[in-house]
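Chemist: Pasting a structure here, questions to come.
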Amino acid sequence: MDLTGKIIAVVGGATGIGKATAEICAARGAQVFVADFNEVEGQATANGIGATYLKVNVTDEASVAAAFATIAERYGRLDGLVQTAGILKGAFVTIEDFTAEMFRQVYDVNVTGSFLCAKHAAPLMKKNGKGVIVLISSAAAYGASSSFAYGSSKGGVTSLGITMQAKLADDNIRVNTVHPGSIATRMKLSVIEEEARLFGKPGSHGSAKLGEPEGVGKLLAWLVSDDADYVRGALHTR
C-alpha cells in the first residue's frame with residue numbers, strides 16, 4: 001500500500017481508530033491532517049507523525065468549513081477523508097429515561113458530523129478529479145446496541161454512505177462505510193465498565209475479546225489508497 005503524495009484528512013484522529021489510521025497513512029507516505037476537537041491529544045498525534053493538526057467541532061459547520069479551507073489553502077485538493085469522530089451516550093439507559101437532548105447530541109456528532117465533513121471534503125476531491133470518503137459506522141447499525149441513540153445513529157451513517165456513493169459516483173468519488181465490531185477503544189471500554197457496574201459482570205468479561213484499533217486502521221488506510229479503487233459499499237471488521 002503506497003500513499004505517497006496523497007493528501008488525507010482523518011477526522012477524529014486524536015485517539016483510537018482515527019489515531020491508528022493517521023499513523024498508518026503517514027507511515028505509507030501520505031500528507032496527513034489530524035482533525036479533532038481534542039486539542040491536546042490531537043496535536044500530540046500530529047506531532048508524532050509529522051502531520052498537521054486541525055481543531056474541529058464536527059457539529060459546527062463553520063468549524064468544519066474552516067478546517068477544510070485550511071487544507072484547500074495548503075494543497076488545493078484532497079485525496080481521502082476518513083471520518084472516525086463519534087460519541088456514545090446513554091449506554092443501558094431505558095427508553096423512558098433516554099432524553100431527547102442526549103439523543104440529539106449523539107446524532108449531531110455521528111450523523112450530522114459525518115455529513116458536514118463529507119460536504120466540505122467533496123469539492124476538494126472534485127477539483128482533484130477523484131477522491132475517497134470513508135465513514136465509520138458500526139456493527140451496532142445492524143445489531144442491538146447498548147444505546148438507542150448510538151445504534152440508530154450508526155444506521156444513519158450507513159444510509160448516508162449509500163446515498164453519497166450514488167450521488168458522487170459521477171464525480172469519481174468513491175464512498176465506503178466501515179462497520180467495526182468490538183474494538184478496544186476508550187468508548188468501547190467505557191461501555192464494558194458501565195455494564196460491569198450495572199450488572200455485576202467483571203470488567204475483563206468483554207475486554208478480553210476486543211480487537212485492536214490498528215487492525216481497523218490498516219483497513220481504513222488501504223481504502224484511501226489506489227489499491228482499493230474497485231471496492232464499493234460497506235465493509236465489516238471484527
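The values are calculated or read from the model by the stated rules, or taken from the named source; none is laboratory data. Here the structure is a predicted model, which means the values were calculated and not measured. Here Cβ is always computed from backbone atoms with ideal geometry, including for glycine, and neighbour counts include all displayed protein chains.
Chemist: In region 161-210, what residues are assigned to a helix (DSSP H, G or I), modelled with pLDDT of 95 or more and surrounded by 20 or more Cβ atoms within 10 Å (Cβ to Cβ)?
Modeler: Going residue by residue through region 161-210, those that are assigned to a helix (DSSP H, G or I) are 161-171, 186-199, 204-207.
Then drop every residue that is not modelled with pLDDT of 95 or more, which leaves 161-171.
GLY161, MET164, listed by residue number.
Chemist: Another question, then. ARG104 is checked against (1) under 30 Å from ASP171 (Cβ atoms); (2) touching a helix residue (DSSP H, G or I) at 6+ places or on another chain (Cβ under 9 Å); (3) surrounded by fewer than 16 Cβ atoms within 10 Å (Cβ to Cβ) and fails just one. What number does that condition carry?
Modeler: (1)
Chemist: When you go through ASP171, ASP108, ASP79, ASP97 one by one, which is the residue that is over 24 Å from ALA35 (Cα atoms), of a type in the set (Asp, Glu) and either in contact (Cβ under 8 Å) with a residue 24 or more places away in the chain or touching a His at 6+ places or on another chain (Cβ under 9 Å) (or both)? Don't jump to the end; show me each part of the working.
Modeler: Details: ASP108 fails: over 24 Å from ALA35 (Cα atoms); ASP79 fails: over 24 Å from ALA35 (Cα atoms); ASP97 fails: either in contact (Cβ under 8 Å) with a residue 24 or more places away in the chain or touching a His at 6+ places or on another chain (Cβ under 9 Å) (or both).
After ruling out the rest, the residue left standing is ASP171.
Chemist: Could you list all residues from region 23-36 that are touching a Gly at 6+ places or on another chain (Cβ under 6 Å) and either surrounded by fewer than 18 Cβ atoms within 10 Å (Cβ to Cβ) or farther than 19 Å from LEU220 by Cβ (or both)?
Modeler: none
Chemist: Please indicate, with yes or no, whether at least one residue in region 17-35 is within 23 Å of VAL106 (Cβ to Cβ) and assigned to a loop (DSSP other than H, G, I, E, B).
Modeler: So far as region 17-35 goes, no, none of its residues is within 23 Å of VAL106 (Cβ to Cβ) and assigned to a loop (DSSP other than H, G, I, E, B).
Chemist: Going by the structure shown, is LYS55 touching a strand residue (DSSP E or B) at 6+ places or on another chain (Cβ under 8 Å) and among the basic types (Lys, Arg)?
Modeler: Details: touching a strand residue (DSSP E or B) at 6+ places or on another chain (Cβ under 8 Å): yes; among the basic types (Lys, Arg): yes.
Yes: the conditions hold for LYS55.
Chemist: Let me ask something additional. So which pairs qualify, if the first residue must be in region 23-42 and under 23 Å from ASP2 (Cβ atoms), the second must be assigned to a helix (DSSP H, G or I) and among the acidic types (Asp, Glu), the Cβ gap must be under 7 Å, and the two must be at least 6 apart or on different chains?
Modeler: none
Chemist: Here are the criteria: (1) at pLDDT 95 or above; (2) surrounded by fewer than 20 Cβ atoms within 10 Å (Cβ to Cβ); (3) assigned to a strand (DSSP E or B). Tell me which single one ILE133 does not satisfy.
Modeler: (2)
Chemist: For region 56-79, which positions are surrounded by 15 or more Cβ atoms within 10 Å (Cβ to Cβ) and outside any helix (DSSP H, G or I)?
Modeler: If the condition is that a residue be surrounded by 15 or more Cβ atoms within 10 Å (Cβ to Cβ) and outside any helix (DSSP H, G or I), then VAL56, ASN57, VAL58, THR59, ASP60, ARG77, LEU78, ASP79 are the ones that fit.
Chemist: A follow-up question, please. Filter region 153-167 for residues that are of a type in the set (Ser, Thr, Tyr) and free of Cβ contacts under 8 Å to residues at least 24 places away in the same chain and give the result. Steps first, please.
Modeler: Here is the first cut: in region 153-167, the residues of a type in the set (Ser, Thr, Tyr) are 153, 158-159, 163.
The answer is SER159, THR163.
Chemist: Name the residue that is surrounded by the fewest Cβ atoms within 10 Å (Cβ to Cβ), counting only residues in region 37-55 that are closer than 23 Å to VAL106 by Cβ and of a type outside the set (A, V, I, L, M, F, W, C).
Modeler: Within region 37-55, the match that is surrounded by the fewest Cβ atoms within 10 Å (Cβ to Cβ) is GLU39.
Chemist: Looking at ALA221, is it at pLDDT below 95 and either part of a strand (DSSP E or B) or closer than 21 Å to ALA139 by Cα (or both)?
Modeler: Values: at pLDDT below 95: no; either part of a strand (DSSP E or B) or closer than 21 Å to ALA139 by Cα (or both): yes.
So ALA221 does not fit the description; no.
Chemist: Hey, among GLY42, GLY18, GLY86, GLY90, which residue is at pLDDT below 95 and under 30 Å from GLU193 (Cα atoms)?
Modeler: Working: GLY42 fails: at pLDDT below 95; GLY18 fails: at pLDDT below 95; GLY86 fails: at pLDDT below 95.
Going through GLY42, GLY18, GLY86, GLY90 in turn, just one is at pLDDT below 95 and under 30 Å from GLU193 (Cα atoms): GLY90.
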